[in-house]
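Structure record follows, encoded as structure tokens.
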There are 2 protein chains.
Amino acid sequence: MNQQFKKGIKIIGIACSPFNREKDTLVTVIGAIYRGSLLLEGVLKTKVTVDGEDATDRIAKMIKQSSHYQQLKLIMTRGVTIAGFNYIDQTKLNDLTDLSVISVVDREPDLETIHAALKNLPNGEERYQIIMKNGPPKPMISSSNEEPIYVQYVNMNEEALAQLLKEITIAGRMPEPVRVARLIALAEATNE
Amino acid sequence: MNQQFKKGIKIIGIACSPFNREKDTLVTVIGAIYRGSLLLEGVLKTKVTVDGEDATDRIAKMIKQSSHYQQLKLIMTRGVTIAGFNYIDQTKLNDLTDLSVISVVDREPDLETIHAALKNLPNGEERYQIIMKNGPPKPMISSSNEEPIYVQYVNMNEEALAQLLKEITIAGRMPEPVRVARLIALAEATNE
């Protein structure tokens with residue numbers, strides 16, 4: 001068993017807020033720092049451009065500026081596209097932070113539709129190559145009796161990842177750091 | 001044992017963001033909805049006026065508008081003053097929501113200093129009477145081997161409360177719903 005994946009490792013889960021493409025140019029991205037599956041230890045926040053290309057750099061900067069950075073082992077994002085068709089370059093994010101990088105989504109992505117949509121954006125074909133660089137999303141089980149989640153990753157051992165996903169998933173099939181990041185990000189969209 | 005306090009009850013923890021009295025007139029308040037101590041189920045957000053008198057109404061409104069409201073049993077706030085010397089009228093919040101209301105703080109409040117500071121604000125003496133209406137904060141143990149927290153409450157049985165505090169405190173001595181609400185609220189102050 002890889003030492004890296006012992007229980008209680010520090011993980012940052014990343015998710016973005018809902019937004020309105022008609023009026024929003026920036027979207028809030030939340031980082032939820034978890035010790036294992038049970039203890040939220042911190043919350044980070046940044047903004048990225050809707051359909052832009054700054055997500056990888058912005059997320060890396062947010063993480064490296066945090067006082068938690070030295071204890072983090074792993075970045076887990078909700079998908080490799082964020083804020084519309086902004087994207088997470090997993091290889092680059094791993095290079096910038098020295099952390100393992102995993103993307104999880106709760107249903108099988110429709111790669112053809114994504115590919116077609118990206119063609120309407122600057123550098124669309126390049127974006128598609130980047131998000132597919134580490135292969136298509138792979139089904140993995142995070143919770144017994146549940147459907148699989150779909151996973152892309154860099155700098156990880158698949159067997160250790162399979163075990164980790166089960167350890168940090170306690171509600172539904174999304175791992176806690178990402179599930180909670182999304183809950184916090186949803187509140188960002190509240191207008192009161 | 002009161003049925004109300006069985007494990008896994010739904011609690012909303014309330015905390016406000018840091019703010020700058022020189023420039024901010026409104027402060028974000030976060031509600032973290034927990035199922036027991038372990039599962040964050042939702043995050044709510046509102047704003048209240050720095051040193052104002054709208055916190056009780058604003059928090060009640062935020063809670064009653066939530067889809068979680070019907071399952072909630074209990075409101076737990078971080079102190080009875082919020083956003084400076086805005087205040088939570090526990091009796092009124094209980095009346096407005098029909099929920100038990102508890103305030104927890106991690107050290108013994110200096111009541112004389114609070115009383116003196118309130119005198120500089122509109123309705124200062126009335127505010128002090130409201131926050132002391134249910135008696136001064138009472139020391140209670142939330143985690144063995146830790147110092148007490150200081151608690152004020154309405155519509156609660158003290159014995160059940162003592163047990164509940166231990167069940168929902170897993171890190172340090174602040175109960176999870178309030179600890180996590182504060183972590184989320186801290187991120188609100190991030191300027192990126």
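Please state the relative contact order of the range A:1-109 as a whole percent: Cα pairs under 8 Å, 6+ residues apart?
Working: 201 pairs, mean separation 27.8, N = 109.
For the range A:1-109, the relative contact order is 26 percent.
List the distances, in nm and shortest first, from the label point of A:Ile170 to the matching label points in every other copy, placing each point 7 Å from Cα along the Cα-to-Cβ direction.
For A:Ile170, the other copies' label points sit at 0.3 nm, shortest first.
Determine the calculated [θ] at 222 nm for chain A from helices alone, applying -39500 (n - 2.57) to every DSSP H run no shorter than 4 residues and normalising by the residue count; nearest 500 deg cm²/dmol. Mind showing how you got there, number by number?
Working: 6 runs with 58 residues, N = 192.
Helix-only estimate at 222 nm: -9000 deg cm²/dmol.
In terms of Cα to Cα distance under 18 Å, which lysines are near enough to A:Lys47, apart from those fewer than 8 places away along the same chain?
Reachable lysines: A:Lys23, A:Lys61, A:Lys64.
Grab every C-alpha pair in the protein assembly as shown, bin the distances at 10 angstrom width from 0 up to the longest one, and report whole percents.
Each 10 Å bin holds this share of Cα pairs: 5, 23, 30, 23, 14, 5, 1.
Using the number of other C-beta atoms within 10 angstrom as an exposure proxy, rank A:Lys45, A:Lys73 with the fewest first.
Listed from fewest to most nearby Cβ atoms, that is A:Lys73, A:Lys45.
Taking the beta-carbon count within 10 Å as an exposure proxy, list B:Met132, B:Met62, B:Met140 from fewest neighbours to most. Working shown, then result.
Numbers: B:Met132 15, B:Met62 22, B:Met140 18.
Sorted ascending by nearby Cβ count, the order is B:Met132, B:Met140, B:Met62.
Which value, in debye to the nearest 20, gives the size of the charge dipole of the protein assembly as shown about its Cα centre, when Lys and Arg are +1 and Asp and Glu are -1 at the Cβ?
Details: 46 positive and 48 negative charges, 91 e Å.
It works out to roughly 440 debye.
Taking a virtual spin label 7 Å from the Cα of B:Gln65 along the C-beta vector, which residues in the range A:14-38 bring their backbone nitrogen under 17 Å of it?
A:18
Quick check: the distance between the Cα centres of the range A:30-89 and the range B:100-177, to the nearest angstrom?
When both Cα centres are located, 35 Å separates them.
Which shape class applies to the range A:10-190: rounded if a/c is under 1.5, otherwise prolate when a/b exceeds b/c and oblate if not, where a ≥ b ≥ c are the square roots of the Cα gyration tensor eigenvalues?
On the way: a/c = 1.42, a/b = 1.19, b/c = 1.19.
It comes out rounded by the Cα gyration axes.
To the nearest 20 debye, what is the magnitude of the charge dipole of the range A:10-190 about its Cα centre, counting +1 on the Cβ of each Lys and Arg and -1 on the Cβ of each Asp and Glu?
Details: 21 positive and 23 negative charges, 98 e Å.
Dipole about the Cα centre, nearest 20: 480 debye.
Among A:Ser100, A:Ser17, which comes first, then next, by fewest other beta-carbon atoms within 10 Å? Let's see the in-between values first.
Numbers: A:Ser100 25, A:Ser17 21.
By the 10 Å Cβ count, ascending, the order reads A:Ser17, A:Ser100.
Around A:Glu41, which amide H atoms from residues at least 5 apart in sequence, or from another chain, sit under 5 Å from its own amide H, with H modelled in the peptide plane?
It is A:Ile33, A:Tyr34, A:Arg35, by chain and number.
Beyond a 20 Å Cα-Cα separation, which of these cross-linked pairs lie in this structure: B:Lys92/B:Lys166; A:Lys92/A:Lys133; A:Lys10/A:Lys166?
Working: B:Lys92/B:Lys166 27 Å; A:Lys92/A:Lys133 11 Å; A:Lys10/A:Lys166 15 Å.
Where the Cα-Cα span goes over 20 Å, the pairs concerned are B:Lys92/B:Lys166.
What number, in percent, do you get for the relative contact order of chain B if the mean sequence gap of Cα pairs under 8 Å and at least 6 apart is divided by its residue count? The partial results should precede the final answer.
Numbers: 386 pairs, mean separation 50.7, N = 192.
The normalised contact order for chain B reaches 26 percent.
Using the Cβ atoms and a cut-off under 15 Å, what net charge is assigned to the surroundings of B:Val104, where Lys and Arg are +1 and Asp and Glu are -1?
Net of charged neighbours comes to 0.
Computed from the coordinates by the stated procedures, all read-outs in this text should not be read as laboratory data. Remember, predicted model here, so these are calculated numbers, not experimental data. Every residue, glycine among them, receives a Cβ derived from its backbone with ideal geometry; neighbour counts consider all protein chains shown.
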